[in-house]
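Heads up, the thing below is written out as structure tokens.
Each reported figure results from applying straightforward, stated rules to the coordinates on display, with no laboratory input. Computed from a predicted structure; not experimentally measured. Virtual Cβ from ideal backbone geometry, glycine too; neighbours counted across all protein chains shown.
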Amino acid sequence: MTRTATAPAYLRATTRATTRAKTPAVALALLLAAAPALGQTQTPAAIPPEEIGSWRLSCVADRMTDRAECQLRHREPVERAQGASGSSLLLEAQDRGGRLVPVVTARDLSLDGAQRGLLALTGTAQLRFPPNRHYDMPCGLEGRSLVCAPKAEDLARAEQELASAGSVLVRMMGFGGGASGAEPVELRLERTRDALARYRARVPEGSGPAASAQGGLSLPDILLRMQRFFGN
């Protein structure tokens with residue numbers, strides 16, 4: 001006579017309790033409590049940051065995909081945060097449309113950072129790698145972060161000039177930023193090519209968002225951005 005395998009007592013008890021549960025949430029809680037080995041939450045593994053010339057590369061590895069979320073930013077901020085809960089304006093290199101280009105960011109904005117929020121709604125970052133001419137980078141929101149990135153027509157020159165420049169001038173314009181005649185911030189650039197190569201080794205080409213093609217903002221555009229900023 002063939003014997004039928006019997007489930008362990010704790011699983012039989014869990015099954016009966018799950019059947020009596022009135023909601024799926026209660027059933028799921030009972031299952032997880034009875035058999036914790038069925039699912040474990042793993043936090044991303046931090047990769048030790050690297051200091052490369054004037055740049056700092058920091059990454060967090062995803063153990064499931066073996067890919068890394070990386071930030072390559074200048075060690076000196078464009079503008080420091082006004083308070084402990086504020087966000088500094090930073091010069092970063094990011095993948096945009098398959099090219100590594102400079103962007104100005106303020107990450108993880110909160111409601112306390114209203115000034116940064118105004119830049120996200122109406123602002124522009126002016127960038128210049130001397131002796132080349134400057135170009136404008138419209139600002140916008142990506143999640144809860146302010147990001148000012150080159151327009152599509154400026155991607156190629158932005159990538160080329162970033163890699164070879166010895167310094168960069170940055171000026172923020174718009175509500176929450178400076179005036180058109182304000183003195184720009186100058187940042188020295190060292191070992192940029194090495195830093196970009198290390199970043200590219202961690203971040204595959206084309207993994208970033210596409211370039212922005214936006215121009216001026218209409219009133220409906222501004223209202224929509226306000227709704228997204230305060231509604232997220």
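Taking each residue as 0.36 nm, the span from Asp108 to Ser88 lengthens on full extension beyond its C-alpha to C-alpha distance by 6.2 nm.
Which length gain, in nm to one decimal place, applies between Leu169 and Ala201 when the Cα-Cα distance is subtracted from 0.36 nm times their residue separation? List each step's numbers first, then the result.
Details: separation 32, 0.36 × 32 = 11.52 nm, distance 2.73 nm.
Between Leu169 and Ala201, full extension yields an extra 8.8 nm.
Report the calculated FRET efficiency for Thr65 and Ala182 (r = Cβ-Cβ distance, R0 = 35 Å), to the nearest 0.05.
Working: r = 43 Å, r/R0 = 1.23.
Here the calculated transfer efficiency is 0.20.
Ranked by how many other Cβ atoms sit within 10 Å of their own Cβ, fewest first, the residues Thr65, Thr124, Thr105 fall in the order Thr65, Thr124, Thr105. Modelled spin-label separation between Ser145 and Arg157, with each label point placed 7 Å from Cα along the Cα-to-Cβ direction: 2.6 nm. Backbone geometry of the range 53-70 corresponds, through the Karplus equation with coefficients 6.51, -1.76 and 1.60 at θ = phi - 60°, to 3J(HN,Hα) couplings of x, 8, 10, 10, 9, 10, 9, 10, 8, 9, 5, 6, 9, 6, 9, 10, 8, 10 Hz, x marking Gly and Pro.
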